[in-house]
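So the structure is just underneath, and the comments pick up after that.
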Amino acid sequence: MAVQEQLDALLAGEVTWRRWRAEHQEVRPDLYGADLRRASLRGFDLRDVDLEATDLRDADVSRADLRCANLKAAQLMRTNLQNADLRGAFLSRAECHNANFTGANLAGAHLRFTSFFGAHMKGVDLSGADLVGADLHEANLEYANFSNADVEDADISRAKLDEAVLNNVDVDTFLHGWPEGPGPLV
């Protein structure tokens, strides 16, 4: 369960949250299971925050710093994560249907069995990410960088993959293989 003092500081706004984090640098914020539906967290510093099982549906988390944050099993349907920094974040088993990750940095992120069904991921950096069993079908992955990512059993059926970068990626391990149409940049 989320620590109420921390949740109150977050919901009070970016200035209050920043002050709380500065005053409690030794504390890893615990927002486990918090209800943050439709929250406005644009540009917030959420580095290393425990957001496991949180409900962030329809929230604006664009341009937020989520490096190494724990978002396991989080509800991120229709969440705006455009240009967010999610390097090294844990999103395993998160539900990201129709979320906007356009321009986000997910390099080295842990995305096992995460559902990105219909997500907007144009230009996303997935280099070195763990995408084992991820559901990417019907996602827009144009210009996405998959370099060195583990894509074993990731479902890319009906995904838009024009100009995707696949350096050191075994495309034969995608669940449905490479789709018809324009090829990737290898």
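No value in this document is a laboratory result; all are computed from the given coordinates. Every value quoted in this text rests on a predicted model; they were computed, and no experiment measured them. We place every Cβ from the backbone using ideal geometry, glycine too, and count neighbours over all the protein chains shown.
Couple of notes before you dig in:
- Each label point was placed 7 Å from the Cα along the Cα-to-Cβ direction; for Arg18 and Asp153 their separation is 4.4 nm.
- Extreme residue, positive dipole direction of the chain, given options Ile156, Gly133, Gln75 (C-beta unit charges): Gln75
- Whole-Å distance, taken between Cα centres, linking the stretch 50-78 and the stretch 84-107: 8 Å
- Relative to the longest principal axis of the Cα atoms of the chain, the long axis of helix 14-23 makes an angle of roughly 70 degrees.
- Taken one residue at a time, the phi angles of the stretch 153-168 give Karplus couplings (6.51, -1.76, 1.60, θ = phi - 60°) of 6, 6, 8, 10, 4, 6, 7, 8, 10, 4, 6, 5, 9, 10, 4, 6 Hz. Gly and Pro are set to x.
- Rounded to whole Hz, the Karplus (6.51, -1.76, 1.60) HN-Hα couplings of the stretch 45-62, x for glycine and proline: 8, 10, 4, 6, 7, 7, 10, 4, 6, 6, 9, 10, 4, 6, 7, 10, 10, 4
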